[in-house]
There are 2 protein chains.
Amino acid sequence: MDIDAANQTAVEQMMSARPMLTGLAPAREVIRGMKDNLILHAGPPIGWPRMSGPLRGGVIGALLFEGLAKDEKAAIRMAEAGEIEFAPCHHYQTVGPMAGVTSASMEVYVIENPTQGNKAFSNLNEGYGKVLRYGAYSPEVLKKLHWMNDTLGSILKAALAESQGIDLRALLAEALHMGDEGHNRNKAASLLYLKQLAPLVARVAKDPGLEAEVLQFLGDNALSVLNPVMAACKAMADAAHGVAGSTIVSAMARNGTDFGIRVSGLGEAWFTAPADIPRGLYFPGFTSEDANPDIGDSTITETAGIGGFAMAAAPAIVAFVSGSPQDATNATLEMYEITVAEHRHFTIPALDFRGTPTGIDIRKVVELGITPRVNTGIAHKDPGVGQVGAGLVRPPKEIFEQALIAYAEKYGL
Amino acid sequence: MDIDAANQTAVEQMMSARPMLTGLAPAREVIRGMKDNLILHAGPPIGWPRMSGPLRGGVIGALLFEGLAKDEKAAIRMAEAGEIEFAPCHHYQTVGPMAGVTSASMEVYVIENPTQGNKAFSNLNEGYGKVLRYGAYSPEVLKKLHWMNDTLGSILKAALAESQGIDLRALLAEALHMGDEGHNRNKAASLLYLKQLAPLVARVAKDPGLEAEVLQFLGDNALSVLNPVMAACKAMADAAHGVAGSTIVSAMARNGTDFGIRVSGLGEAWFTAPADIPRGLYFPGFTSEDANPDIGDSTITETAGIGGFAMAAAPAIVAFVSGSPQDATNATLEMYEITVAEHRHFTIPALDFRGTPTGIDIRKVVELGITPRVNTGIAHKDPGVGQVGAGLVRPPKEIFEQALIAYAEKYGL
């Protein structure tokens, strides 16, 4: 078994994937297997009893949004009674930030990768304040979700239908030259996204007032493009999955209770352990006492070579996630130790345009004892509250050890 | 004479200025003293006989645009016959990139600085390709100018009238955290500008097709915001002008023949010497043989502490102007040697959020022999051709020496 060759194949497939944002559609229409009583969530598989507060909050919100439950109590009762099926977004070619809750009526971005022919999906980004992805489900949260699904969704859908598709790999490459790292900082990428959408929106919008609302919402939300970016990373990571013998990580995700990874050469298995509490900066009035363990599918960005791996491109991010610009540079330099390639398309000007560290090798993680660096938002541990900060976290080391043991068993090494 | 105190006063006024973009209007309506047979140009004063090719090209184009001349020959004849008056933009609170040619009918941005109560103006940015500011004046150049003045101008005017004014200092501060240096690289700033304009444009535009055209033009032009940014820098630099005893440079500008500076404590005098040819990267098919000497008012950005002085914020710019990211960092570090302050609002993440070097002290320039670093476009030396590259240049040392001698004479030192 030539593991290095298998890894080069995997990482080449990851880098040659070219995710294009081609449209928007209700989850039930485009995600194969999606159905009304199925709720997709971030991270590895988990049932209601072990779900954390923010994930439960997201589920309650989705049941209210779908009209499946009339109030919070009814939603909890349904979940407890087993009337709702739960599954990881990742099992449905989908990713979602934080709770990642995606239900059948929600409009999702459709990403197509013509290189390998796979697709990926993600829900719409809600912006700041009280939002479902952080486990909030008050009437204002639901009202915004409905506005997004109806007004924003219908205009975006018509605009994207007018486009030739938006090349998200090219967009990310440009954003990395504009101080983004592509996970917690998507300020430039969101503006590049707005720039491509604005003329399309102008052509398709019927009502100038709604059009202005949509352009304002997209422009004011520096995470507008996070969700399609995550789906683009999912498409790239999936392109690297399933290479026999490869020790490259093809998914990292957290459900708020467990941190899980998948490995290219190890099929559909998840390797999981309890997720840590991120270290970072808290919003006024909150401390690490309030924090939920790490949550969300957004670590798909680090899996694909950006996010915490591209921190050196985004020195300004330290004002948000803590640390110094030198720490940001060091984060990237450290990640070269545990990866097998430097990205051909994602480069970092400050490092003399060196490619970002790409393709996490579980062998290197275990051998060097260096786990991946992840940038993340921090959710309150209780349902219904929301974001309390942002910071840095690493997956537990043991999941890489588990994966390596499974690898040895599978390949008889 | 406490020169240091005078310089602190001057630079404090520069930094406390808060240029707001408040509107758009024809030059003749808002620039005091503007008239039909007056052409404003970049740099220090110059007459037709000594004008360089690109400046002559700009003048010819403006006379055609205004309908004052029916063809190129007639335009040249009028200029030679003394029927046209020429004056520096700087004498009219105005700045323009490259040739900087501004005539009475052209729509200009209006910048107001409520802190000190002064105003500044600049024309609209034409984008890439054959453009008047590089001395081109073919029918396609004039057609675009008319589209800009009519379609773009009327929509922008209506949009800005709906706004509360756009805070350009805040916009620049944000752009410096997004890989811009504010002169040759205004990619992030132009998108931040688009973000603010798009919802306003949606509200005021009557025709979806024209609206889409305008949003596309603004979004595709990574220099869209350069002209209002330059006028903002002019407003900041003018706020620092006229402080008795100050040795701070309050204007640097080139007309394609001479490089000129003004000094805060030395009134309206220009100190000039022949401009150099920039060093840089040339477009395919061109070499330094084709280059015109340094031209344009855009050095107002360096005068105000950004542009070449903020290179460390924009490592990706080296792909455009030559050099390495380390050179970019060194450029900023060197400029701290000849300036009197670190900007309170403009900071550089990669330098631990240190303020940009601000307020060029002619004493330090002369004493250390370090002249300011300037990022610039490079124009072809012949009229009618256009841009041939981009690069770096410095003003001639002797103009700082001349200014220091004039200072000694004026203040009897």
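Values in this text are rule-based calculations from the coordinates and carry no lab data. These numbers were taken from a predicted model, which means no experiment stands behind them. Because the Cβ atoms are built from the backbone with ideal geometry, glycine has one as well, and the counts that use them run over all protein chains shown.
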Exercise for review: Assign one of three labels to region A:160-306, namely rounded, prolate or oblate, based on the Cα gyration tensor with a ≥ b ≥ c the square roots of its eigenvalues; rounded applies when a/c is under 1.5, prolate when it is not and a/b is larger than b/c, and oblate otherwise.
Suggested key: oblate
Point to revise | Pseudo-label separations to other copies for B:D276 - Cα-to-Cβ vector, 7 Å, nm | key: 5.1
Study note, to complete from the structure: The Cα extents of chain A along the principal axes, largest first and rounded to whole Å, are 57, 48, 43
Practice item. Rounded to the nearest 0.05, what FRET efficiency do B:R50 and B:D71 give with R0 = 22 Å and r taken as the Cβ-Cβ distance? Could you check? Key: 0.40
Exercise for review: For region B:234-277 and region B:80-104, compute the distance between their C-alpha centroids and round to whole Å.
Suggested key: 17 Å
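Rounded if a/c is under 1.5, else prolate if a/b is larger than b/c, else oblate: which is region B:239-325, with a ≥ b ≥ c the root eigenvalues of its Cα gyration tensor? Working shown, then result.
Numbers: a/c = 3.84, a/b = 1.57, b/c = 2.44.
The shape class here is oblate.
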Check your understanding: Cα centroid distance between region A:347-409 and region B:315-385, in Å?
Key -> 37 Å
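Divide, for region B:16-230, the radius of gyration over alpha carbons by 2.2 N^0.38 Å, where N is the residue count. Walk me through the numbers on the way to the answer.
On the way: Rg = 16.8 Å, N = 215, 2.2 N^0.38 = 16.9 Å.
Against the compact-globule rule of thumb, the ratio is 0.99.
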**Study point:** Cα-Cα over 20 Å, subset of A:K143/A:K234; A:K195/B:K187; B:K119/B:K157
**Key:** A:K143/A:K234
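Per DSSP H run of at least 4 residues, take -39500 (n - 2.57); add these up for the protein assembly as shown, divide by its residues and hand me the 222 nm value, nearest 500 deg cm²/dmol. Write out the running numbers ahead of the final one.
Details: 30 runs with 305 residues, N = 826.
My calculation for the protein assembly as shown gives -11000 deg cm²/dmol from helical runs alone.
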Point to revise | Karplus-derived HN-Hα couplings along region B:124-134 (A = 6.51, B = -1.76, C = 1.60, θ = phi - 60°), whole Hz, x at Gly and Pro | key: 8, 7, 8, x, 9, x, 6, 9, 4, 5, 9
**Study point:** Mean Cβ neighbour count within 10 Å, used as a protection proxy, ranking B:303-312, B:212-221 highest first
**Key:** B:303-312, B:212-221
Review point. What residue of chain A sits with its beta carbon nearest the rotation axis taking A to B, and at what distance in whole Å?
Key: A:L191, 2
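How large is Rg over Rh for the protein assembly as shown, taking Rg from the Cα atoms and Rh as the Kirkwood inverse mean of 1/r across Cα pairs? Don't skip to the answer; put the middle values down first.
Details: Rg = 28.7 Å, Rh = 28.0 Å.
Reported Rg/Rh (Cα atoms, Kirkwood Rh): 1.02.
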Check your understanding: In a shell of Cβ-Cβ distance under 15 Å around A:N375, excluding A:N375 itself, what net charge do Lys and Arg (+1) and Asp and Glu (-1) give?
Key -> -2
Review point. How many nanometers, to one decimal and shortest first, lie between the label point of A:G242 and those of its other copies, if labels sit 7 Å from Cα toward Cβ?
Key: 7.3
**Study point:** Cβ-vector label at 7 Å, A:E337, separations to other copies in nm
**Key:** 3.7
Check your understanding: Roughly how many debye, to the nearest 20, is the charge dipole of region A:216-346 about its Cα centre, given +1 on each Lys and Arg Cβ, -1 on each Asp and Glu Cβ, and no other charges?
Key -> 280 debye
Revision key, fill the gap. If each K or R counts +1 and each D or E counts -1, the residues other than B:A69 whose Cβ falls under 12 Å of its Cβ total -2
Point to revise | Segment A:Q164-A:D220, length gained on full extension (0.36 nm per residue, minus Cα span) | key: 17.7 nm
Exercise for review: With r as the distance between the Cβ atoms of B:E289 and B:N330 and R0 = 25 Å, compute the FRET efficiency 1/(1 + (r/R0)^6) and round to 0.05.
Suggested key: 0.30
Exercise for review: Kindly point out which whole DSSP H helices in chain B project their C-alpha atoms 15 angstrom or further along the helix axis while averaging a Kyte-Doolittle hydropathy of 0.0 or above.
Suggested key: B:53-65, B:187-204, B:208-220, B:226-239, B:398-411
Exercise for review: Please list the radius of gyration and Dmax for region A:74-183, considering alpha-carbon atoms only, with Å as the unit.
Suggested key: 16.2, 50
Point to revise | Placed amide H near B:A42: partners under 5 Å, 5+ positions off or other chain | key: B:C89, B:G100, B:V101
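Gain in length, B:H146 to B:K35, computed as 0.36 nm per residue apart minus the alpha-carbon separation, to one decimal in nm?
So the chain would gain 38.1 nm between B:H146 and B:K35.
About its Cα centre, what dipole magnitude does the protein assembly as shown give when the only charges are +1 on Lys and Arg Cβ and -1 on Asp and Glu Cβ, stated in debye to the nearest 20?
Numbers: 68 positive and 90 negative charges, 157 e Å.
Magnitude of the dipole: close to 760 debye.
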Point to revise | chain A - percent relative contact order, Cα under 8 Å, separation 6 or more | key: 21 percent
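Counting partner chain Cβ atoms within 10 Å of every residue's Cβ in A:209-220, what's the average?
Numbers: counts 3, 1, 8, 8, 2, 3, 10, 7, 1, 3, 8, 3.
Mean partner shielding for this stretch: 5.
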Exercise for review: Would you tell me the mean number of C-beta atoms belonging to other protein chains that fall within 10 Å of each C-beta in B:186-198, as a whole number?
Suggested key: 5
Review point. Across the residues of B:171-181, average count of Cβ atoms on other protein chains within 10 Å?
Key: 4
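Under the classification rounded if a/c is under 1.5, otherwise prolate if a/b is larger than b/c and oblate if not, where does region B:242-411 fall, given a ≥ b ≥ c as square roots of the Cα gyration tensor eigenvalues? Intermediate results must be reported in sequence, preceding the final value.
Details: a/c = 2.29, a/b = 1.20, b/c = 1.90.
Since a/c reaches 1.5 but b/c is at least a/b, the shape of region B:242-411 is classed as oblate.
Among A:143-150, A:94-101, what's the highest-first ranking by average C-beta atoms within 10 angstrom per residue?
Numbers: A:143-150: 16.5, A:94-101: 30.4.
In decreasing order of mean packing, A:143-150, A:94-101 become A:94-101, A:143-150.
How far, in nm, would the chain grow between B:I405 and B:E83 when pulled straight, counting 0.36 nm per residue and subtracting the alpha carbon separation? Display every interim value, and only then the final one.
Details: separation 322, 0.36 × 322 = 115.92 nm, distance 3.65 nm.
Result: 112.3 nm gained on full extension.
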Review point. What lysines sit close enough to A:K397 to cross-link, taking a C-alpha to C-alpha distance under 17 Å and skipping anything fewer than 8 places away on the same chain?
Key: A:K364
